[in-house]
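First comes the structure, then the notes that go with it.
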Amino acid sequence: MATQTGRAPSWLSETLRRNWMSIGIFILLVLLVLIFVPTFFQGPNLLNVGRQSALVGIIAIGMTFVILTGGIDLSVGAILAVSGVTTAMLINQGMLLPAAGACGLLVGAAIGVVNGLGVALLKIQPFIMTLATMVAAQGLSLRLTNGGPEQFNGTDGLFTLMGSGDVLGLPGPFVIFLVISILGILALRYLPFGRFLYAIGGSMEAARLSGVRTNRVIIVAYAISGLCAGLAGVMTAARLGVGDPTAGSLSNLDAITAVVIGGTSLAGGIGGAVGTVFGALLLAVISNVMNLIGISPFDQQIVKGAVIVIAVLLAARGARRRFRERTPARSAEDETPQPNQPSAPVAA
Amino acid sequence: MATRLEMRGVSKHFLGVQALRDVSFTLEAGQVLALIGENGAGKSTLIRALSGAHLPDEGEILMDGSPVKIAKPADAEALGIATVYQELNLFPDLTVVENLVFNRYPGKGLIDWKKARREARDFLHTLGLTVDVERRVRELSVAEKQMLEIAKALERNVRVLILDEPTAVLGGEDVDQLLDLVRGLKERGVSVIFVSHRLEEVFGLADGYVVLKDGVVTGTGKIAETNHDQLVSKMVGREFVRGERTVNATLGEPVLEVENLNRAGVLFDISFSVRAGEVVGVAGLRGAGRTELARAIYGADPITSGTVRLKQKVVRVSGPLSAIQAGIGLVPEERKTQGLFTALSSAANISLVGMVKRKEKTMNPGNEVAKARDYVRKLRIKMPSPTVPVGTLSGGNQQKVVLAKWLDADVDVLILDEPTRGIDIGAKQEIYQLIHDLCAQGLAIIVISSELPEVLALSNRVLVMHQGRIAAELDGSTATEEEIMSHAVGGK
């Protein structure tokens, strides 16, 4: 009896197949830009795009972990602000810069853990739980600074790199984004933890019955999201030399947009970090090009909204077609009367 | 008495599976007709054909002597046929009155709630129900909800009421109240089709009966002219062919021992053991506690008391993880939502439990696929590649993936809950063969199944459950379907 055909597809081809929509849109866009907005490809501008994509990209990688479980993290923008403010204040209290930055990261991770505890143990819906921490964290950063920006002086090599420096001619933040992306991609591919995220997003009950410690995995996922947002907060502070309590107010939406454009399903269980990287780059390219051709910031938002809808529609259609191609004609068993199975109530 | 509803030669098949074959019966005005049969005998299909969910392939349905076509639920409603399913179709967060008048609001433009409440109260009163119409449905007892559902159906001038196992989830007194309600309806001239597994009720309530077996009517007539044993033998239908049995004759030491297992209100005082190389079948009707027993041993649901020992060592039954680590595996009843991750590849599905059990620190997708290929070959799983989502495979191949997952996790005890549900005949035989092979390797296996021939063909011993207890333990080599069914319905 025939059991299998063909070789296992390589990782590259598999990745391309899964992310063809976001990668395809990205390449198409780049081609269009090449034709119509040649100034885009001038070196300094490209570096700018990299820099612009970095913060949202880092947050979006963390967000991908949460969304894969079927959750959402609305608090990332507020975490960005709190961790930036914390870092700035600790520096002003005389703490060494690296230590202050580490504390900023910890604050982010800690708020993430609170999110995870609420979602996993208290069974609060992720949307509500992270909305609550978002509001509270916003309040916290305003309270810490009495509403104004917290300036700090002094910098070191690490902070310069995180804020505005270069590594091998590439913007520091972009390099950090790449490093985080690679870590994220590797974690999802090579750690059982990564697989557990997909399992939980696919079916919480099946994951539990498979022995997955679902609560622990969920808490860690939110902690990672918080940590990434915290990193973005420290980076923002490093660039501006200020802990701004109002920074990052829209980054939760931008990050979710990047994840969704990247093909990760908001229902969980499907997607990955590769798509998210391209999603974040795509967003940065679009806003950069619009800047270049002089579209007003207000109109840019409208365009962005349209891009989200178009990207998600295309991705959804692609996924449906792929699934249909591989689904055998509906097998008899789907229709057989099933013993024990409750008959579906028919609306009278 | 006038004939209200008649089915003549109705057949229905789904892609090769004959769900109903040449079904004929009549239902008189004001008659209660008991529809009985084993799980999967075709009762649900028959009900669906009458309620507009399935259009029969052949045969005709007559209402008051004239042929009718019931193609959609609205057709059934127009004919005055209403169906009350076991899972209720109420809005739990709306009040009783809001549910009752849903979409038929009194008043012009604005809803006249005063009038609605008054009418609802009066209406329920005529049925002998005294629920506060302002209460939320969520707060009602199961019995009250059931009655409300029936009341909702009756509001639409019902002439044929179909009740799908209305008593399966009710306790003693509630059952009596419901049966009284049905008797009251009968007096008002409503014809009732009453699906039940409990033969005592059937004898206390029904006028006539229809027995289904494998989609065929194996008996119909007046209740007064039959008895318990006759009905059971009609439900079972045919003699079981002994030759199909394939059980392991040489058994080892007891591997799994369950002692005085209790789960409040669900399982009572369950004790049994399974030896190495043995298959213990668990039979019983829907709601008898079979799945609950499997989940309790596996730690998926909390138990109230009792001990589970694996190879003489007590297992802390605290969750699936400790069961897995002790060496117990569960192939759950709901394959697509509990047994598999349909969006993940077969390779990922197969490796997941073993990965958890062995506490692996990293995973290697390449090795994973190679390992999956091994199982694909060994279990003869048909799939284009182990990397495609498992949800795209057929039911039989999906189930083999679930089995491969447990093989990879290296278990001593495997509990299979309805292992061949929704699987075609060929794949079924292969699953049986696999179960047999696993036994030969010394695994202890528990097979829960609603298909008695399957239980008898596979099991060394058969436990029959009834209302959360083990009602009988039978020797698989001598037990008959009649014997099992008789214990399962609570007789003798």
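log₁₀ I(q)/I(0) of the stretch B:3-236 at q = 0.11 Å⁻¹, via Debye over equal Cα point scatterers, no solvent, to two decimals? The calculated log intensity ratios at q = 0.11 Å⁻¹ are -0.57. Only beta bridges with both residues in the protein assembly as shown are counted; by DSSP, about 55 percent of them are antiparallel. Taking every Cα-Cα distance in chain B and sorting them into 20 Å bins from zero, the calculated P(r) comes out as 21, 49, 28, 3 percent.
Across peptide A:210-217, the average count of Cβ atoms from other chains found within 10 Å of a residue's Cβ is 5. Within 10 Å of the Cβ of each residue in B:385-391, the mean number of Cβ atoms contributed by other protein chains is 4.
In plain terms, the bigger the Kirkwood radius, the slower the diffusion; for the stretch A:39-318, with that radius from Cα pairs, at 25 °C and 0.890 mPa s, Stokes-Einstein puts D at 130 µm²/s. Of the peptides A:82-92, A:32-42, the order by per-residue mean of other Cβ atoms within 10 Å, starting with the highest, comes out as A:82-92, A:32-42. Fully extending the segment from B:THR307 to B:PHE203, taken as 0.36 nm per residue of separation minus the present Cα-Cα distance, adds 33.5 nm. When DSSP beta bridges are restricted to pairs lying wholly in the stretch B:242-488, around 55% turn out antiparallel. Counting only Cα atoms, the size of the stretch A:135-195 along its three principal axes is 45, 35, 13 Å, in decreasing order. According to a simple spin-label model (label point 7 Å from Cα along Cα-to-Cβ), what is the distance in nm between B:GLU87 and B:ASN260? Going by the 7 Å Cα→Cβ label model, 3.8 nm.
Of all DSSP beta bridges confined to chain B, the antiparallel ones make up roughly 55%.
Counting Cβ atoms of other protein chains within 10 Å of each Cβ in B:392-398 and taking the mean gives 4. On a per residue basis, the convex hull of the C-alpha atoms belonging to the protein assembly as shown measures out at 205 Å³.
With each label modelled as a point 7 angstrom along the Cα→C-beta vector, the A:LEU31-A:VAL179 pair spans 3.6 nm.
Pairs exceeding a 30 Å alpha-carbon distance, out of B:LYS213/B:LYS336; B:LYS72/B:LYS428; B:LYS311/B:LYS405; B:LYS213/B:LYS428; B:LYS145/B:LYS186: B:LYS72/B:LYS428. Rounded if a/c is under 1.5, else prolate if a/b is larger than b/c, else oblate: which is the stretch B:316-401, with a ≥ b ≥ c the root eigenvalues of its Cα gyration tensor? Oblate, since a/c reaches 1.5 and b/c is not below a/b.
Ordering B:287-300, B:257-270, B:129-142 by mean Cβ neighbour count within 10 Å, with the highest value first, yields B:287-300, B:257-270, B:129-142.
With the simple spin-label model, which puts each label point 7 Å out from Cα in the Cβ direction, the B:ASP229 to B:ASP269 separation comes to 2.8 nm.
Any read-out appearing in this document is the output of simple, stated calculations on the displayed coordinates, not a laboratory observation. None of the values given here were measured: they were computed from a predicted structure. Glycine gets a Cβ as well: all are built from the backbone with ideal geometry, and neighbour counts include every protein chain shown.
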